[in-house]
Amino acid sequence: MVRRAVVLMNLGGPDSPSAVRPFLYNLFRDPAIITLPTMLRVPLAWVIAARRAKTAGEIYEYLGGGSPLLPNTEAQASALQATLGSEYRCFVAMRYWHPLTAATVTQVQEWKPDEVILLPLYPQFSTTTTASSFRAWHAEAARQGLSAPTREIRSYPTASGLIAALVANIEAGLASLRDRPFRLLLSAHGLPLKIVAAGDPYPEEVRATAQAIVAALPFPVDWTVCYQSRVGPLAWLGPSVDDELRRAACDGIGVVIAPIAFVSEHSETLVELDRDYRRVAEELHIPFYERIPTVGANPRFIAALAAQITGDVDAEAVAMAAAYR
């Protein structure tokens, strides 16, 4: 039997208060995040990590002391494993905190696969996320001598199961609103404009996801794409969530916000969207603020991931139909 290792790749997050600062250091020393020479980037990463540690620590304290991203990703890995069957084994590799790429390469090497499939849990490709994870994997695989043929799944912004899961969540969130006027904000993590100018396709793929969602909704909707999580002084993609909340307030309508680039609950959804932007909405006297959950281990989304791996679109359609029953 052919043995295929599927590596689910994600950002990672600190699992304890003491992990916050080293997690931040790992993040900001990545050349995909700060595009400076190593001799400048590494000490700058230490400075940024030190300055942001207190604020970030308060965020993770609010979440109970650590990020829920790893257990959420492990749940997705387990669901995908059950869908794929015994020919496959799913592993988790986090970019900036445990289990780090090096440890996962070791696990995969010990399992002795015939093929390795790299599956980023970023539906839309960016040099700052997917490309960074791929680069780290290939470097570590070469260092450890993992020679199995390796296949990359680049992105899947309009995969039918992903869109179906997002649409189902949005429809469920709208069910209680009746005829109250609202604007649907389809939110994604922001990106500095200089990275976009260098050719990063991320905003185009985010827009493709958003358009597929709107096309699949059974009714017309007032909607827009917006971006969150800006840090630092650089110009970032817009409009920001803040901008759109102010516009909704001026228009006197409610807001329904759906994260479309995050597939798991973590600090950007549970704190930034659920707490921080909700407070902004309240201060602006927006009539209501409804946040849509991420897709998580929704069977439709898991079917989409499985189809990316196997190429079996018919199996994805069957799994999605079963999920709707």
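Taken together, the values in this text are just the output of simple stated rules run on the coordinates, not laboratory data. This is a predicted model, so every value here is computed, not measured. Methodologically, a virtual Cβ is constructed for each residue, glycine included, from the backbone with ideal geometry; neighbour enumeration extends over all protein chains shown.
Determine the shape class of the range 138-191: with a ≥ b ≥ c the square roots of the Cα gyration tensor eigenvalues, call it rounded for a/c under 1.5, and otherwise prolate if a/b is greater than b/c, oblate otherwise. Walk me through the numbers on the way to the answer.
On the way: a/c = 4.83, a/b = 3.07, b/c = 1.57.
Since a/c reaches 1.5 and a/b is larger than b/c, the shape of the range 138-191 is classed as prolate.
Could you list Glu282, Glu115, Glu205 so that the one with the fewest beta carbons within 10 Å of its beta carbon is first and the one with the most is last? Present the calculation step by step, with values, prior to reporting the outcome.
Details: Glu282 10, Glu115 14, Glu205 22.
Starting with the residue having the fewest Cβ neighbours, the order is Glu282, Glu115, Glu205.
Of the DSSP beta bridges with both residues in the chain, give the percent that are antiparallel, rounding to the nearest 5. Intermediate results must be reported in sequence, preceding the final value.
Details: 1 of 34 bridges.
The antiparallel proportion sits near 5 percent.
For Tyr227, what residues show an amide H to amide H distance below 5 Å, using hydrogens built from the backbone and excluding near sequence neighbours?
Ala188, Ser240, Val241
With each label point set 7 Å from Cα along the Cα-Cβ vector, what nm distance links Ala102 and Arg279?
Distance between the two pseudo-spin positions: 3.8 nm.
Under 5 Å between amide H atoms, partner at least 5 residues away or on a different chain: which partners does Leu191 have, H built in plane at 1.01 Å?
Under 5 Å from the amide H of Leu191 lie the amide H atoms of Leu237, each far enough along the sequence or on another chain.
Under a 5 Å amide H to amide H cut-off, with H placed in plane at 1.01 Å, what residues pair with Ile292 once short-range neighbours are removed?
Ile257, Ala258
Rounded to the nearest 0.05, what FRET efficiency do Lys194 and Arg246 have when you use their Cβ-Cβ distance and R0 = 22 Å?
Details: r = 25 Å, r/R0 = 1.15.
In this case the efficiency is close to 0.30.
Compute the length gained on full extension between Trp46 and Arg151: take 0.36 nm times their separation in residues and subtract their Cα-Cα distance, giving the result in nm to one decimal.
Working: separation 105, 0.36 × 105 = 37.80 nm, distance 3.41 nm.
Extra length from Trp46 to Arg151 when fully extended: 34.4 nm.
Kindly identify the chain as rounded, prolate or oblate by the Cα gyration tensor criterion: order the square roots of the eigenvalues as a ≥ b ≥ c, call it rounded if a/c is under 1.5, otherwise compare a/b with b/c, prolate if a/b is larger, else oblate. Kindly include the intermediate steps, with their values, before the conclusion.
Details: a/c = 1.86, a/b = 1.18, b/c = 1.57.
It comes out oblate by the Cα gyration axes.
Enumerate the calculated ³J(HN,Hα) couplings along the range 122-129 in order (Karplus 6.51 cos²θ - 1.76 cosθ + 1.60, θ = phi - 60°), each rounded to whole Hz, writing x wherever the residue is Gly or Pro.
10, x, 9, 6, 9, 5, 7, 10
How large is the dipole of the range 72-196 about the Cα centre if only Lys and Arg carry +1 and Asp and Glu carry -1, each at its Cβ, rounded to the nearest 20 debye?
Details: 11 positive and 9 negative charges, 97 e Å.
Value, rounded to 20: 460 debye.
Can you tell me the length gained on complete extension of the stretch Arg3 to Lys54, counting 0.36 nm per residue apart and subtracting the Cα distance? Mind dumping the intermediate values first?
Numbers: separation 51, 0.36 × 51 = 18.36 nm, distance 4.46 nm.
That pair, Arg3 and Lys54, stretches by 13.9 nm at full extension.
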